[in-house]
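Data block below; observations after.
The values are calculated or read from the model by the stated rules, or taken from the named source; none is laboratory data. Everything numeric here is computed off the predicted structure, so don't read it as measured data. Counting neighbours? That spans all protein chains shown, and the Cβs are built from the backbone with ideal geometry, glycine included. Heads up: the accessible areas ignore ligands, DNA and RNA and are worked out on the full protein's heavy atoms, side chains in. Shrake-Rupley method; radii C 1.70, N 1.55, O 1.52, S 1.80 Å.
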Amino acid sequence: NPLFERRSASSTSPTTPSNNMNASSSFADAKRKELLALDSKKKSLESEAEAIVSELTAELPDGGDPMGIDSPLVDNEGYPRADIDVYRARTLRKRFHEIQNDHKALVHKIDIGLVEITALTKSTEDEEETKARLAPKPKPKFDPHTGKWVVKSWDGSVAGVVNGESRQFDDLSARVSGDAVRALSSFPSATDRSGNGINRAATAASTSTGIAREEQNHVSFQEPITPFAIIDEVFSNSPAHEAGLKEGDVLLRFGSVNSSNHRDFRAIAELVPVLAGEGKSVPITVRRKQNVEWGEVVEVKTLELKPRPWEGRGLLGCHINKYTE
């Protein structure tokens, strides 16, 4: 039967990558609609909670004390307050606590949904990266800044030289930033075969990484990395707490994010869901003050933070604020 043969052929056809991408896209679209619905419900709860708090904390028309969110509903003699509607107050308080629990559950669902969408997006990006890595590469070029022959990386940057990730292979003659020049100058040139360049680089590195100095019973270490944020709150049993972060830690690096590229912390906000979706941790460098017998020590520590959903809000469990000297 020709009809039967056609149906059999279509039912046994192999799954193609395009079908997988379409399925992933459909799932992502459905998840986005679900998150939008959850977000609308969350905003509705927040508006309702705001109205309840406003009523409970509003001063009475006669100038008396408000009903209050958790204040006693009885007078000094133990009788129900006669100046308020006690039943109304109890109903509002009950609803307010229900909203708090529902809001917490919604935030947790939204966080998990964001992680799932980020994982799907990352999967698509990985496919594009693989395609770029397998694409034919152009011939090596001579780099006038380093005096070396360099090759093109998969993302268009320069491979095989210091600070090459911030340069473009197609424009090697472009001016190199001051930080890149300092980084390049700390390594021996191609024409220096005596080893003195290596010694100079080692000396420069030991100097730039910091030396202890003591001034009026205060010890500190010079740190060339510019701070850009401060941890002003760490919640118990959170990923940040497990990583060893402490309130007052000054943030120097968050993975590849630093003072020059954090974009008002948007770079961190974009990176965290990706790490949580992949189940990966990120190295973070902080500056921390500690009191010792002879005074105060400022040390630089590198910690491993693994973003993930937890019982609280967000994926980190800490509050990051802008750092000012």
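Note on ILE52: accessible area approximately 10 square angstrom, rounded to 10, probe 1.4 Å, nucleic acids and ligands left out.
Taking a ≥ b ≥ c as the square roots of the eigenvalues of the Cα gyration tensor, the range 68-152 is classed as prolate, since a/c reaches at least 1.5 and a/b is larger than b/c. Which entries of LYS42/LYS94; LYS43/LYS301; LYS42/LYS306; LYS109/LYS289; LYS33/LYS152; LYS33/LYS280 show an alpha-carbon separation above 30 angstrom in the structure shown? Listed pairs above 30 Å: LYS43/LYS301; LYS109/LYS289; LYS33/LYS152. Element breakdown for the range 26-90 at a 1.4 angstrom probe: carbon and sulfur atoms account for 52% of the accessible area.
Express the accessible area of the range 19-91 per residue in Å², computed with a 1.4 Å probe while the remaining protein chains stay in the model.
Dividing the accessible area of the range 19-91 by its residue count gives 71 Å².
If you take every residue apart from GLY312 with its C-beta less than 12 Å away from the C-beta of GLY312, what net charge results, scoring Lys and Arg +1 and Asp and Glu -1? Taking every Cβ under 12 Å from that of GLY312, the sum is 0.
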